[in-house]
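Input: a single structure, listed below in structure tokens.
The values are calculated or read from the model by the stated rules, or taken from the named source; none is laboratory data. Everything numeric in this text was worked out from a predicted model, so none of it was measured. Cβ coordinates were reconstructed from backbone atoms using ideal geometry, including for glycine residues, and neighbour counts include every protein chain displayed. Each accessible area value is taken on the protein alone, full model and side chains, heavy atoms only, with ligands, DNA and RNA left out. Shrake-Rupley method; radii C 1.70, N 1.55, O 1.52, S 1.80 Å.
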Amino acid sequence: MIAEARLRKITHDPQGFNERERKLIAGSKSQIDRWKSAVDFAFRRQYAIPMHLELQDSSVDSVVISRYGIIVEMLDGDLKPIIEGRNKIAHGQWVWELNNLETQFKGRAADPMNYLAISRRGEIIDNLAEIVHVLIVSEPAFQREFDRLYGKISSTRCVIDGNDYPQFEAKIRNSGQQRIRSTMKGEKR
């Protein structure tokens, strides 16, 4: 849901797309296709690439084309699984996963995520949305911010599954116990 809301916010930025581009993006068949359309239109606008040319066939710098590829890979590899996971839960596939037509079981659903896994997926959405937003509104800012935001996404990928949750939980418990002890000491005075 956050990814969908962020894309709507991005596409309606007054410094970004025009109404025709917004309609074309909204007309894409899936949410991930809308994200890809937004990225495609943004690159074409910022680097003056006509619609009849493939981005790779344009005279744009290879670094720019590489960044385009990286963003599309992040959409497919990072954002798409988040969107699909949310959709499965929203359609009641908590225990069993169904095929697209919802006529047959495909197997057991994934185990529920812990707080860290959910939170880190949100971080990836936020950073990816920021990359796309900066690209849409300012090419110089995109050039300046891309590496920083990509680095944040890359480091979050390493811990996205929340396998460090037991340590996180222990840290929270310890801080809570310390607060209780300090409160009790304050009451004894």
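Here are a few things to note about the model shown:
- Subset of the range 138-167 (residues that are in contact with a Leu (Cβ under 7 Å, 6 or more places away or on another chain) and modelled with pLDDT of 85 or more): 142, 153
- Filter result (open to solvent by less than 80 Å² (accessible area, probe 1.4 Å) and not small (Gly, Ala, Ser)) within the range 111-122: 114, 116, 120, 121
- Look at the range 3-21: where a residue is closer than 14 Å to residue 46 by Cβ and a partner is surrounded by 12 or more Cβ atoms within 10 Å (Cβ to Cβ) and of a type in the set (Phe, Trp, Tyr), sitting 6+ places away or on another chain with Cβ atoms under 6 Å, you get 21/41.
- Tally, over the range 135-152, of residues that are farther than 21 Å from residue 16 by Cβ and open to solvent by less than 40 Å² (accessible area, probe 1.4 Å): 1
- Restricting attention to the range 89-121, the residues that are part of a strand (DSSP E or B) and modelled with pLDDT under 80 add up to 4.
- Subset of the range 122-178 [over 25 Å from residue 32 (Cβ atoms), among the hydrophobic types (A, V, I, L, M, F, W, C) and either outside any helix (DSSP H, G or I) or touching a residue at least 12 places away in the same chain (Cβ under 8 Å) (or both)]: 168
- Neighbours by Cβ (under 9 Å, 6+ apart or cross-chain): first from the range 95-111, farther than 16 Å from residue 81 by Cβ; second open to solvent by less than 100 Å² (accessible area, probe 1.4 Å) and among the polar types (S, T, N, Q): 102/93; 105/99
- Summed over the range 27-59, residues that are more than 30 Å from residue 100 (Cβ to Cβ) and either free of Cβ contacts under 8 Å to residues at least 12 places away in the same chain or out of contact with any helix residue (DSSP H, G or I) (no Cβ under 8 Å at 6 or more places or on another chain) (or both) total 11.
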